[in-house]
Amino acid sequence: MAIFNFFGSLLGYLLWALYTVFRNYGVAIILFTVILKVVMFPLSVKQQKSMSAQTKLADKQKELQQRYANNQQKYNDELMKLYEKEGVNPGTGCLMTLLPFPIMLGIFYSVIMPLSNTLHIASDTIAQATDYISRIPGVASASGLGLYQELQIIKHFDVLRPNLTMFSANDIDKIEFFSKGFRFLGLDLLASPQGSSFMTFLWIIPVLSLVFSFGTQFYTTKSMGNGTQTGCMKAMVYVFPLISVYWAFIMPAAVGMYNIVSILASFLQTLIMNKHFSAEQLAVRKEASRAVAIEIAEGSLRPLPATQQKLIADKLVTADKQEQEQEEVKHKQKKKKSGSGSGDTASYLGSKK
């Protein structure tokens, strides 16, 4: 968890920068998600290329399965050799499929620990503040096992402010500024759908997460085809949407909102990838790049001097003449043997007669 907390602290710098500009955490989450998608777009293209290459190797992989049906170890070895020969990394697809998990966990820790990971206030000061609110009955019961104590300070800042003397004046100003921007489209992004009433409409976040998750996965699976999915990707078609929906239900609404925006951004990215980076287009570009590389390599060769060219040409002519002479000698010897053999047969037949 310390790793994800550290990751959340890094993401918190970007969230805080966006928040200071737009003064709304919902808007900051949307822009944050878009920026991450743009940064990771080259990795998505790499994943698409890997999947395209695996599609081309599907027939060869089936041949290996049939040939080594009774020897799994030999099949795995030959498959790895095939991947190495074709320059395919089968783990690329799984990497991009699993990558949203640490990002979402980083978002989770940046949301539930805003004082540490977004505002980056000193840990000793935060410890004094969380120790104080842990002794308040109502807040203590809402903070659970200490995970949401920092969040409770932000949520109830107006009430707790007179007693938060452990913070400096600068820290107080930052907390107050930050606590005013968690209302987005009428939703309280600090609250969790699990513990909120129906009229808060926070239930719409896990519902939208469920619909968008399975809708995007269905479209992606249909556009890719079953043959291009590795084992981990097939499992994630159903596992990842269910996990993300559960998180959107039990975590603060800000985490679920990030999940929804991320799903929509992924869907838009898939449309762009299918239009400009489809398997057929990538295959054509790869062949074109290979042809250009061969042409450049041939063009970079320096011609030999005229004297060396004439010497090589003379050697080739001499070698051809010698080969022709040898063929003629072999032909004469074969013809001579054939003639002598027929004479003996005739003599034999004559004497017999």
ask   = Summing Lys, Arg as +1 and Asp, Glu as -1, what charge do residues with Cβ under 12 Å from the Cβ of L316 carry, L316 excluded?
value = 0
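Quick check: residue separation of L268 and N70 times 0.36 nm, minus the Cα distance between them. What number comes out in nm? Before the final figure, lay out each step's value.
Details: separation 198, 0.36 × 198 = 71.28 nm, distance 4.39 nm.
That works out to 66.9 nm of additional length.
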ask   = Amide H neighbours of F184 under 5 Å, counting only residues 5+ apart in sequence or on other chains, H built in-plane at 1.01 Å?
value = L189
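Can you sort I3, I121 from fewest to most other Cβ atoms within 10 Å of each residue's own Cβ? Write down the numbers at each step before the final one.
Details: I3 11, I121 20.
Going from sparsest to densest Cβ surroundings: I3, I121.
Using a Förster distance of 30 Å, how high is the FRET efficiency between A2 and Q194, based on the Cβ-Cβ distance and rounded to 0.05?
Working: r = 25 Å, r/R0 = 0.85.
Efficiency, rounded to the nearest 0.05: 0.75.
Which ordering of L105, L151 is given by a fewest-first count of other beta-carbon atoms within 10 Å? Write down the numbers at each step before the final one.
On the way: L105 18, L151 23.
Ranking L105, L151 by Cβ neighbours within 10 Å, fewest first, gives L105, L151.
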Under Karplus coefficients 6.51, -1.76 and 1.60, residue-wise ³J(HN,Hα) of the range 33-40 in Hz, glycine/proline x = 5, 4, 4, 4, 5, 5, 5, 8
request  = Arrange the following residues from fewest to most other Cβ atoms within 10 Å of their Cβ: I272, I175.
outcome  = I272, I175
remark   = With label points set 7 Å from each Cα along the Cα-to-Cβ direction at I35 and M166, the distance between them in nm comes to 3.0 nm
request  = Tell me the label-point distance for the pair F201, L311, using the 7 Å Cα-to-Cβ offset, in nm and rounded to one decimal.
outcome  = 8.8 nm
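Just so you know, all these numbers are worked out from the coordinates, no wet-lab data involved. Values in this document were obtained by computation on a predicted structure and should not be read as measured data. Cβ coordinates were reconstructed from backbone atoms using ideal geometry, including for glycine residues, and neighbour counts include every protein chain displayed.
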